[in-house]
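Below: the structure, in structure tokens.
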Amino acid sequence: MLREWKKKREVFAGGLIFLFGLVAIVEGRRLGVGSLKAMGPGYVPMALGILLSVLGVLIAVAKPALPTFDQDEAPLTAEWRGWGCILLGVISFIVLGKYTGLVPGAFSCVFISALGDRTATIKSALVLSAAVTVFGILLFYYLLRIPIPLFSWGVT
Amino acid sequence: MGRDVISTALADLSHGFGVALELHNLLYCFLGVLIGQIVGVLPGMGAMAAMSLLLPLTFAMQPVAAILMLAGIFYGSQYGGAICSILLNLPCHPPHAITCLDGYPLTRQGKGGTALAITMIGSFVGASFGITEMVFFAPYLSEIAFKFGPAEICSIMLLGLLAGSTLARGSAIKGVAMTALGLLLGVVGTDVNTGVTRFTFGVLDLYNGVEIIALALGLFGIAEFLKNVNRMAPVNTRVKLRFRDMRPSRKDLKTAAFPMLRGTIIGSLCALIPGTGPTIASFVSYAIEKKISRTPERFGHGAIEGVASPEASTHSSVQGDFIPTMSLGIPGDAVMALILGALIIQGIQPGPQLISDHPDIFWGLIASFWIGNIILVFLNVPLIGVWVRLLTVPYRVLYPAALFFICVGVYSANNSFFDVGETLVIGVVGYVLLLLDFHPAPVLLGFVLGPRVEENFRRAMLVSRGDIWYFMHRPISAVFVALCALLIVVQIGFWLRRLSKQRREMAIRSKVGMSPQPKA
């Protein structure tokens with residue numbers, strides 16, 4: 001089971017690297033490669049792109065390495081709740097921070113991401129986010145003076 | 001001649017102490033090691049994330065104070081990490097993973113305090129040796145490096161990158177791929193030579209390139225949270241430690257003395273090879289200690305040598321890691337790449353001229369290492385009870401708060417919400433890469449060195465009129481290229497050996513007709 005996944009994983013890994021390489025090659029061509037004597041802006045991207053795509057193929061076909069000393073082979077289970085909450089937390093910080101100010105941004109960021117933990121309750125998340133928001137406002141707004149208004153409406 | 005070198009080094013060092021003891025520098029050094037200690041103790045937090053979080057704060061600071069503080073976070077976290085692994089058997093920080101093997105059994109025998117005390121002594125001894133190594137070795141190294149032209153700089157960077165990606169953790173080929181990806185990320189933005197924008201895809205915010213803070217916090221912050229959320233077991237410890245439990249007996253000290261020294265020397269050697277940072281140093285010294293011990297069966301059941309040697313080795317290598325970074329401008333790992341990035345942001349060009357152009361930074365940093373290590377010993381020994389209690393802060397409280405700090409930290413770098421989004425994207429991609437068994441550290445290495453590799457490569461090609469063999473015609477450069485080739489050959493050799501071993505095992509299994517079983 002683990003062995004199967006490992007084999008598949010190597011193919012995915014190689015494929016991803018190959019894809020990165022292709023992007024670099026396409027962009028390198030567009031920029032103009034030039035020659036060694038007169039290097040264009042696309043020379044280095046092209047070289048890296050070729051290297052990456054070759055490495056991608058090698059990773060995909062090579063046998064997966066034996067587990068090394070520090071690999072934690074945790075069973076892979078999708079953690080949608082945790083992942084989703086962390087993503088939404090950051091997105092809410094961007095959107096609310098930009099359009100409504102630091103306080104809503106901070107509060108929603110901590111509140112939503114705290115809900116990602118399976119043991120969290122609405123109450124525990126509220127307490128945590130209130131505490132972090134107060135601390136954050138004191139630290140960032142009053143002490144370090146970052147230029148986000150505490151409350152605002154629309155783009156400032 | 002020898003006396004001359006020593007006396008100039010000592011004179012410079014006393015100048016350094018003058019700089020480091022200035023009140024505000026001292027304060028920032030203290031702040032750095034304190035944050036490092038806290039981050040080191042908290043399970044699931046890393047020095048990388050803490051350093052990149054504080055990076056925007058350093059923009060407004062003087063360069064000396066900025067570097068002192070960032071460096072302090074790094075070595076401070078090493079002290080904190082040891083507590084975590086000895087008392088809880090949790091390898092929170094990779095260099096201390098091996099300390100768990102003997103540290104935790106000692107805790108269960110009620111000798112956790114002794115193990116910690118030996119760790120602190122070993123750490124201090126190791127660190128002091130690493131610093132001394134830096135005092136005498138770094139200026140010498142930079143003097144040699146002064147003669148380097150673009151070809152040499154380019155090939156030594158290549159060697160550094162290759163060593164950093166192949167000698168570190170995990171698969172070598174994946175490490176190289178990550179380095180190449182980092183180099184590519186370094187290309188993003190406006191090309192200084194032609195003014196053309198590369199890989200920006202029309203996004204205006206990318207014209208200045210990828211933000212280093214966004215990259216570091218994405219890879220070492222958000223990606224780590226995505227990995228750890230709901231996977232960190234809650235910590236239950238009823239270990240109560242007080243100051244007086246920490247006095248080691250004379251016998252323990254005697255047993256630990258030589259392992260400590262051996263570990264120190266191994267660590268200082270590992271520091272000089274780029275890519276072999278503290279983690280490798282600690283593993284190597286543990287293995288050696290076990291091999292030369294007359295009673296190897298005690299290892300794993302609470303041998304004090306198994307704590308003393310790797311911890312001394314870690315700290316000696318942590319301090320020594322700064323040598324190639326400060327004297328050549330070649331960082332050995334992601335942490336050093338970040339320190340280099342901080343220097344560049346301050347407008348200081350890293351490289352062999354750093355020591356002579358900015359003696360304040362170099363000697364002040366070295367002096368601050370000593371001061372910081374002394375502060376750490378004082379922070380750790382009397383306050384051990386506080387750190388033990390800090391260990392029990394649950395992850396579900398930590399990561400949402402840390403996530404918010406990351407958001408604000410990235411925002412404050414350029415006052416831009418776009419950068420926060422950039423961090424999120426990098427974090428998600430970074431997590432996918434983690435799932436696919438890539439290690440993200442070489443990405444940062446490549447990212448920081450990328451622009452300088454390209455610039456020097458271009459210059460070398462300009463000088464030689466496009467002759468790629470120029471790198472082989474210059475003797476010093478040729479040596480570096482040869483070493484690169486050697487690294488690649490050795491890696492291929494390892495790979496072939498592993499392949500044949502696997503094949504042999506498969507053959508034996510099919511002969512016996514056994515189903516594949518994990519080795520005992």
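For B:Val408, the conditions (1) within 12 Å of chain A (Cβ to nearest Cβ); (2) over 30 Å from A:Asp117 (Cα atoms) all hold with the exception of (2). Being more than 19 Å from B:Tyr79 (Cα to Cα) and within 16 Å of the chain's Cα centre (by Cα) is the filter here, so list the residues in the range B:300-332 that pass it. Within the range B:300-332, B:Ile323, B:Pro324, B:Thr325, B:Met326, B:Gly329, B:Ile330, B:Pro331, B:Gly332 qualify.
Evaluated against (1) hydroxyl-bearing (Ser, Thr, Tyr); (2) closer than 24 Å to A:Gly56 by Cα; (3) under 22 Å from the mean Cα position of the chain (by Cα), B:Thr200 falls short on exactly one condition, (3).
Sort through B:Ile355, B:Ile374, B:Ile344 and tell me the only one that's surrounded by 18 or more Cβ atoms within 10 Å (Cβ to Cβ) and modelled with pLDDT of 85 or more. Exactly one residue qualifies, and that residue is B:Ile355. Looking across B:Phe438, B:Phe480, one residue alone is outside any helix (DSSP H, G or I), of a type in the set (Phe, Trp, Tyr) and either at the interface with another protein chain (Cβ under 10 Å from one of its Cβ atoms) or in contact (Cβ under 8 Å) with a residue 60 or more places away in the chain (or both). It is B:Phe438.
The set of residues in the range B:133-156 that are part of a helix (DSSP H, G or I) and either surrounded by 24 or more Cβ atoms within 10 Å (Cβ to Cβ) or among the small types (Gly, Ala, Ser) (or both) comprises B:Met134, B:Ala138, B:Ser142, B:Ala145, B:Ala151, B:Ile153, B:Cys154, B:Ser155, B:Ile156. Looking only at the range A:34-60, how many residues end up being surrounded by fewer than 18 Cβ atoms within 10 Å (Cβ to Cβ) and more than 8 Å from chain B (Cβ to nearest Cβ)? Counting residues in the range A:34-60 that are surrounded by fewer than 18 Cβ atoms within 10 Å (Cβ to Cβ) and more than 8 Å from chain B (Cβ to nearest Cβ) gives 5. Scan the range B:290-300 and give yes if some residue there is away from every other protein chain (no Cβ under 14 Å) and buried (at least 24 other Cβ atoms within 10 Å of the Cβ), otherwise no. Checked against the condition, which is being away from every other protein chain (no Cβ under 14 Å) and buried (at least 24 other Cβ atoms within 10 Å of the Cβ), the range B:290-300 yields no hits at all. With respect to B:Ala402, is the statement that it is in contact with an Asp or Glu (Cβ under 9 Å, 6 or more places away or on another chain) and more than 8 Å from every other protein chain (Cβ to nearest Cβ) true? Judged against the criteria, B:Ala402 is not a match. When the range B:70-105 is filtered for residues that are more than 14 Å from chain A (Cβ to nearest Cβ), among the aliphatic types (A, V, I, L, M) and either surrounded by fewer than 24 Cβ atoms within 10 Å (Cβ to Cβ) or on the phi > 0 side of the Ramachandran plot (or both), only B:Leu88 remains.
Only one of the numbered conditions (1) farther than 30 Å from A:Val23 by Cβ; (2) surrounded by fewer than 15 Cβ atoms within 10 Å (Cβ to Cβ); (3) at pLDDT 90 or above is violated by A:Val103, and that is (2). Considering only residues that are under 19 Å from B:Val453 (Cα atoms) and among the hydroxyl-bearing types (Ser, Thr, Tyr), look in the range A:19-67 and name the one that is modelled with the highest pLDDT. The selected residue is A:Tyr43. Please go through the range B:143-186 and pick out each residue that is among the small types (Gly, Ala, Ser), closer than 15 Å to B:Leu487 by Cα, more than 16 Å from the chain's Cα centre (by Cα) and within 11 Å of chain A (Cβ to nearest Cβ). Correct list: B:Ser171, B:Ala172. Of all residues in the range B:166-195, those that are modelled with pLDDT under 85 and assigned to a loop (DSSP other than H, G, I, E, B) total 10.
Just so you know, in the range B:106-141 the residues that are over 21 Å from the mean Cα position of the chain (by Cα) and among the polar types (S, T, N, Q) include one that is nearest to the other protein chains (Cβ to nearest Cβ), and it is B:Thr107. Beta carbons closer than 6 Å, at least 6 apart along the sequence or on distinct chains, pair a first residue in the range A:101-117 that is under 15 Å from B:Ile222 (Cα atoms) and facing another protein chain (nearest Cβ under 7 Å) with a second that is surrounded by 23 or more Cβ atoms within 10 Å (Cβ to Cβ) and of a type in the set (Ser, Thr, Tyr) for A:Val110/A:Ser129. Starting from residues that are outside any loop (DSSP other than H, G, I, E, B) and β-branched (Val, Ile, Thr), keep the ones in the range A:118-139 and report whichever is farthest from the other protein chains (Cβ to nearest Cβ). Restricting to residues being outside any loop (DSSP other than H, G, I, E, B) and β-branched (Val, Ile, Thr), the top hit is A:Ile122. Report yes if some residue within the range B:410-418 is surrounded by fewer than 19 Cβ atoms within 10 Å (Cβ to Cβ), closer than 20 Å to B:Ala66 by Cβ and either under 17 Å from the mean Cα position of the chain (by Cα) or modelled with pLDDT under 90 (or both); otherwise report no. Yes; the residues of the range B:410-418 include at least one that is surrounded by fewer than 19 Cβ atoms within 10 Å (Cβ to Cβ), closer than 20 Å to B:Ala66 by Cβ and either under 17 Å from the mean Cα position of the chain (by Cα) or modelled with pLDDT under 90 (or both). For the range A:140-152, what are the residues that are within 15 Å of B:Phe405 (Cα to Cα), crowded, with 16+ Cβ neighbours inside 10 Å and either of a type in the set (Gly, Ala, Ser) or more than 8 Å from chain B (Cβ to nearest Cβ) (or both)? Passing the criteria: only A:Tyr141. Is there a residue being of a type in the set (Ser, Thr, Tyr) and either closer than 26 Å to B:Ser316 by Cβ or over 24 Å from the mean Cα position of the chain (by Cα) (or both) anywhere in the range B:426-444? Scanning the range B:426-444, I find no residue that is of a type in the set (Ser, Thr, Tyr) and either closer than 26 Å to B:Ser316 by Cβ or over 24 Å from the mean Cα position of the chain (by Cα) (or both), so the answer is no. Condition first: at the interface with chain B (Cβ under 10 Å from one of its Cβ atoms) and part of a helix (DSSP H, G or I). Now tell me which residues in the range A:19-33 satisfy that. The answer is A:Phe20, A:Gly21, A:Val23, A:Ala24, A:Glu27, A:Gly28, A:Arg30, A:Leu31.
The values are calculated or read from the model by the stated rules, or taken from the named source; none is laboratory data. If you're wondering where the values come from, they're calculated on a predicted model, not measured in any experiment. As a convention, Cβ positions derive from the backbone with ideal geometry for all residues, glycine included, and neighbour counts pool all protein chains shown.
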